[in-house]
Amino acid sequence: MSLLDIEDLSITFPVEGGPDVPAVEGIDLSVEAGEIHGLVGESGSGKSVTARSVMRLLDDAEVGAKRFDYRGEDLYDKSEAEMRQVRGDEIGMVFQDSLSALNPVMTVGEQIAEVVRHHGDVEESTGLLSELRRKYITGTSTSAPSWRRAVSLLETVGIPDPETVATSYPHQLSGGQRQRVMIASALGGDPSLIVADEPTTALDVTVEAGILGELRRLCDELDVAILLITHDLGVVAETCDSVTVMYSGSVMERGRTDQLFENPVHPYTKGLLRSIPEGASTGGELTTIPGSAPEPTDRPDGCPFRDRCPAAFDACSEPLPEHVVDDGHVSHCHLYTEGDDPGEVTWDAPAATNGSLDGTTERTHTEVTDG
Ligand SMILES: Nc1ncnc2c1ncn2[C@@H]1O[C@H](COP(=O)(O)OP(=O)(O)OP(=O)(O)O)[C@@H](O)[C@H]1O
Ligand SMILES: [Mg+2]
């Protein structure tokens, strides 16, 4: 049983007087206990709304799924009170923008200690009066178990001099330190899963590498699973055990990282991999496929990628099929539904041109040369 097991998830934003926005359409997503699973895709592909659906934080959207299980229990069957426990106790979240996610008028130590008291493994009163007294008068005592735990969590995420940093306010810290604080806070309730939405996108490359290394270490040492959202395939290659590739609200391909990188089958995945320079550890930004993704309200029938795909043919206007390439490796592409491996997809158009692949929709199977 997967830790997180989502089947046929759709997320739609109702729009008054306009067409509704089908942000995500029928995707599967699963995360195994103790692994880092990458959710990768271009801007607007639906990564963040998917992440928020796991925390049940999408008040303004209609969320539907055949299955939305965490540890075998449907998250959407839970009451709001049960869900508040799940957020923090079971699933922690790290957002890209730490400055707006952290409380500017509380020290980071207080913020983490509060999470620890409410969700973690310490015996300390969390009654309203004690919390108000802490908040407005005394602060958390530096000898309280929750404060000690906060300091030790800061140390866990690689912050030097955690005692001093705990007494700092968010704006006094660097972006990289704040991201580490967010991770420490997410760890406060000893969760089994952390959902991290582009946790390093705003940071420079060296700081990013440090934090990704930290996530990898936490995953290995604390056995916490991480759903890591990124638009950088280099990050996936360096950090993730398995990966789901999204495009315009659909899953194109998923599998173990080695399966996807060694044997990508979907033309979209192949196109993305083209954009990673040989041997480079980062910089695989998903920008080198000509053209741009359609808006959710403007997708073609069938495969949403077909207008940009060099191998598109008639069948691509039909609903996406599922093709099991190998154990755990699945592609959603019509090229593979005819029983044979079509071989190498030729990406002969130059990367990052003026944005159009002329006549791609007229191309047929024959354009796909045997590899
Ligand atoms: N509150 C909302 N109302 C209407 N549409 C929305 C809302 N939130 C998101 N969307 C739409 O859903 C789609 C998916 O958005 P999402 O933020 O999940 O993309 P993303 O993959 O996280 O992109 P990025 O890499 O830019 O963060 C987009 O087309 C977006 O415009
Ligand atoms: Mg996003």
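Overview of results
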{"read-out": "Qualifying residue in region 227-234 (condition: within 16 Å of ligand 2 (Cβ to nearest atom), touching a Leu at 6+ places or on another chain (Cβ under 6 Å) and open to solvent by 20 Å² or more (accessible area, probe 1.4 Å))", "value": "yes"}
{"read-out": "Residue that is surrounded by the most Cβ atoms within 10 Å (Cβ to Cβ) [pool: residues in region 200-218 that are under 30 Å from residue 123 (Cβ atoms), over 15 Å from the mean Cα position of the chain (by Cα) and not acidic (Asp, Glu)]", "value": "218"}
{"read-out": "Test for residue 117: is it outside any strand (DSSP E or B), in contact with a Ser or Thr (Cβ under 6 Å, 6 or more places away or on another chain) and open to solvent by less than 70 Å² (accessible area, probe 1.4 Å)", "value": "yes"}
{"read-out": "Hits in region 290-306 - residues which are among the charged types (D, E, K, R) and crowded, with 18+ Cβ neighbours inside 10 Å", "value": "299, 306"}
{"read-out": "Search result, residues across region 67-88 that are on the phi < 0 side of the Ramachandran plot and within 19 Å of the chain's Cα centre (by Cα)", "value": "67, 68, 69, 70, 75, 86, 87"}
{"read-out": "Top-ranked residue in region 58-77 [being outside any strand (DSSP E or B) and in contact with a Lys or Arg (Cβ under 8 Å, 6 or more places away or on another chain); ranked as least open to solvent (accessible area, probe 1.4 Å)]", "value": "75"}
{"read-out": "Selection count where residues are surrounded by fewer than 17 Cβ atoms within 10 Å (Cβ to Cβ) and more than 21 Å from residue 187 (Cβ to Cβ), scope region 132-175", "value": "10"}
{"read-out": "Out of 197, 223, sole residue that is surrounded by fewer than 23 Cβ atoms within 10 Å (Cβ to Cβ) and at positive phi", "value": "223"}
{"read-out": "Test: residue in region 190-200 that is aliphatic (A, V, I, L, M), touching a Ser or Thr at 6+ places or on another chain (Cβ under 7 Å) and closer than 24 Å to residue 43 by Cα", "value": "no"}
{"read-out": "Hits in region 135-144 (condition: under 19 Å from residue 181 (Cβ atoms) and either in contact with a Ser or Thr (Cβ under 9 Å, 6 or more places away or on another chain) or part of a helix (DSSP H, G or I) (or both))", "value": "135, 139, 140, 142"}
{"read-out": "Residue, nearest to residue 269 (Cα to Cα), within region 198-234, restricted to residues that are in a strand (DSSP E or B) and within 16 Å of ligand 1 (Cβ to nearest atom)", "value": "232"}
{"read-out": "Members of region 1-17 that are touching a residue at least 24 places away in the same chain (Cβ under 8 Å), over 19 Å from the mean Cα position of the chain (by Cα) and away from ligand 2 (no atom under 16 Å from the Cβ)", "value": "1, 14"}
{"read-out": "Total residues in region 79-111, condition within 16 Å of ligand 1 (Cβ to nearest atom) and under 14 Å from residue 55 (Cβ atoms)", "value": "4"}
{"read-out": "One residue from 48, 53 being of a type outside the set (A, V, I, L, M), under 14 Å from the mean Cα position of the chain (by Cα) and farther than 22 Å from residue 239 by Cβ", "value": "53"}
{"read-out": "Qualifying residue in region 22-39 (condition: part of a loop (DSSP other than H, G, I, E, B), within 16 Å of ligand 2 (Cβ to nearest atom), in contact (Cβ under 8 Å) with a residue 40 or more places away in the chain and open to solvent by less than 30 Å² (accessible area, probe 1.4 Å))", "value": "no"}
{"read-out": "Of all residues making up region 149-179, the number that are in contact (Cβ under 8 Å) with a residue 60 or more places away in the chain, part of a helix (DSSP H, G or I) and β-branched (Val, Ile, Thr)", "value": "1"}
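A quick yes/no check of all residues on (1) modelled with pLDDT under 90; (2) outside any helix (DSSP H, G or I); (3) in contact with a Cys (Cβ under 7 Å, 6 or more places away or on another chain):
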{"site": "273", "(1), (2), (3)": "yes, no, no"}
{"site": "279", "(1), (2), (3)": "yes, yes, no"}
{"site": "288", "(1), (2), (3)": "yes, yes, no"}
{"site": "291", "(1), (2), (3)": "yes, yes, no"}
{"site": "324", "(1), (2), (3)": "no, yes, no"}
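The values are calculated or read from the model by the stated rules, or taken from the named source; none is laboratory data. Being a predicted model, the structure only gives us computed values, none of them experimental. A quick note on method: Cβ atoms are made from the backbone with ideal geometry, for glycine too, and the neighbour counts reach across all protein chains shown. Protein only, heavy atoms only, side chains kept; ligands, DNA and RNA dropped before computing areas. Shrake-Rupley method; radii C 1.70, N 1.55, O 1.52, S 1.80 Å.
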